[in-house]
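Take a look at the structure set out below.
The values are calculated or read from the model by the stated rules, or taken from the named source; none is laboratory data. Keep in mind that this is a model prediction, so the values were computed, not measured. When we count neighbours, we look across all protein chains shown, and the Cβ atoms used for this are built from the backbone with ideal geometry, even at glycine.
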Amino acid sequence: MPLPATFDIESYYNSELALEFTYKDAANDPIDLTSSTVRCVIRDSASDPKAGLVLEIGSGITITDAENGVFTLTVTASQVASLGQLGKRVVHVYDLYVISGSTQEIIVRGDFAVGSGT
């Protein structure tokens, strides 16, 4: 299993965030997501076992082109606000998983920052 990619996300307090991802193999070819599910878990820190927010297919994740491994991660403005603090930049961590059968693979991870609001 390859190491997950690292991608830091910058969001802004009280603003919606939508990002498109493509799941690819080591040869940079897209991986079919037809029989898979995708989950994003955002936590306060890497050592925190409690998720601050979990997004799954139908609630924040939409597979837009399964055969070509394309999906969109959407965090609503109220969800972003719940992770942030007015007037302060708050940094969390996230893991993005692809789950197929009994196999769960972290494909992307990084910081999930919420910029200060006004």
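Could you check how many residues of segment 41-50 are in a strand (DSSP E or B) and of a type in the set (S, T, N, Q)?
0
Determine, yes or no, whether ASP44 is at pLDDT 95 or above and under 22 Å from SER15 (Cα atoms).
no
Considering each residue of segment 56-80, count those that are farther than 17 Å from ILE99 by Cα and of a type in the set (S, T, N, Q), and give that number.
4
Among the strands (runs of 3 or more DSSP E) confined wholly to segment 59-118, which include 1 or more residues that are basic (Lys, Arg)?
Filter on segment 59-118 gives 103-115.
For segment 1-40, give me the residue count where each residue is within 15 Å of the chain's Cα centre (by Cα), part of a strand (DSSP E or B), farther than 16 Å from ALA66 by Cβ and not aliphatic (A, V, I, L, M). Reasoning before the result, please.
Step one: of segment 1-40, the residues within 15 Å of the chain's Cα centre (by Cα) are 4-11, 16-23, 37-40.
The next check asks that each one be part of a strand (DSSP E or B); those that pass are 5-6, 9-11, 17-22, 37-40.
Those still in the list that are farther than 16 Å from ALA66 by Cβ too: 5-6, 9-11, 17-19, 40.
Within this subset, residues satisfying the condition of being not aliphatic (A, V, I, L, M) are 6, 10-11, 40.
Total meeting the criteria: 4.
Take segment 12-35 and flag every residue that is touching a helix residue (DSSP H, G or I) at 6+ places or on another chain (Cβ under 8 Å), at pLDDT 95 or above and surrounded by 16 or more Cβ atoms within 10 Å (Cβ to Cβ).
Of everything in segment 12-35, those that are touching a helix residue (DSSP H, G or I) at 6+ places or on another chain (Cβ under 8 Å), at pLDDT 95 or above and surrounded by 16 or more Cβ atoms within 10 Å (Cβ to Cβ) turn out to be LEU17, LEU33.
Does segment 56-77 hold any residues that are of a type in the set (Gly, Ala, Ser) and either free of Cβ contacts under 8 Å to residues at least 40 places away in the same chain or surrounded by 18 or more Cβ atoms within 10 Å (Cβ to Cβ) (or both), and which are they? Lay out the reasoning, then the answer.
Quick first cut of segment 56-77, residues of a type in the set (Gly, Ala, Ser) only: 58-60, 66, 69, 77.
Selection gives GLY58, SER59, GLY60, ALA66, GLY69.
Which pairs do you get when a residue that is more than 23 Å from PHE21 (Cα to Cα), found in segment 35-49, comes within reach of a residue that is among the basic types (Lys, Arg) and crowded, with 16+ Cβ neighbours inside 10 Å, reach meaning Cβ atoms under 7 angstrom, with the pair 6+ apart or on two chains?
Listed pairs, sorted by first residue: none to list.
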